[in-house]
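Heads up: the structure comes next, in structure tokens.
Only the coordinates and a few stated rules stand behind these numbers; no lab work does. As the structure is a prediction and not an experimental result, all values here were calculated from the model. Here the Cβ is made from the backbone with ideal geometry for all residues, glycine too, and neighbour counts use every protein chain on show.
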Amino acid sequence: MVSDVGDQRSRTHTWYPPAPDWEAMKRLSGVEYLRRAFGDETTRPPIAGLLGLRAARFEEGRAVFEAEPAEFHYNPIGTVHGGFAATLLDSAMSCAVHAACRPGQAYTTIEIKVNYVRPMTAGTGTVTCEGRTLAVGSRVATAEGRITDAQGRILAHGTATCLLVPLESPG
């Protein structure tokens, strides 16, 4: 919720505690797990709510998210902070890798590269961020991603490298 009082603005954010379902991750494919994790408010990762990130599609090796850049994402020069785009890209690219994982397989991002093409503002409207795997090996996967506006113009694009590891329950 965002509210305005004169020139002052405020935003309230509510989330559920992060609760990865390790047992489900051991038995579900990456696509099945992602669909479950983003299935409702109680299972959605807190970062998604904080940024206003909505899962649009998960397919094997592909993840698509949507979001609306807002004034509360602004940097000191009056545009949306590059970290917003970087986080969207990291989410889409790494979830594309996750969507290629077998049951019992996990990943972690070890590197991302982001190229900023056009600025985003609160007037940009809904942006779509799509990640696709490029190569999935036994230990490393790479992915590419792009953020586009409603007219299909590229706002930012990037690549990611993820480490694939056998899933082990924390503890």
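Points worth noting:
- Taking trypsin sites (Lys or Arg not before Pro) across segment 117-154, the ones in a DSSP loop with at most 10 further Cβ atoms lying within 10 angstrom of their Cβ are Arg139.
- Intensity falloff of the chain expressed as log10 I(q)/I(0), Debye formula with alpha-carbon point scatterers, at q = 0.09, 0.10, 0.16 Å⁻¹: -0.32, -0.39, -0.94
- For His73, His98, the sequence from fewest to most other C-beta atoms within 10 Å is His73, His98.
- Look at where the Cα atoms of segment 78-92 and of segment 101-171 average out, and the two centres are 11 Å apart.
- Going by neighbour counts of Cβ atoms within 10 Å, the residues Ile112, Ile147 line up, fewest first, as Ile112, Ile147.
- Arg118 versus Thr12: modelled label distance in nm, points set 7 Å from Cα along the beta carbon direction: 3.6
- With neighbours defined as other Cβ atoms within 10 Å of a residue's Cβ, the residues Asp7, Asp21 order from fewest to most as Asp7, Asp21.
- Between 0 and 90°, nearest 10: helix 82-98 axis offset from the chain longest Cα axis: 20
- For the peptides 60-70, 157-167, residues were scored by their other Cβ atoms within 10 Å and the scores averaged per peptide; the highest-first order is 60-70, 157-167.
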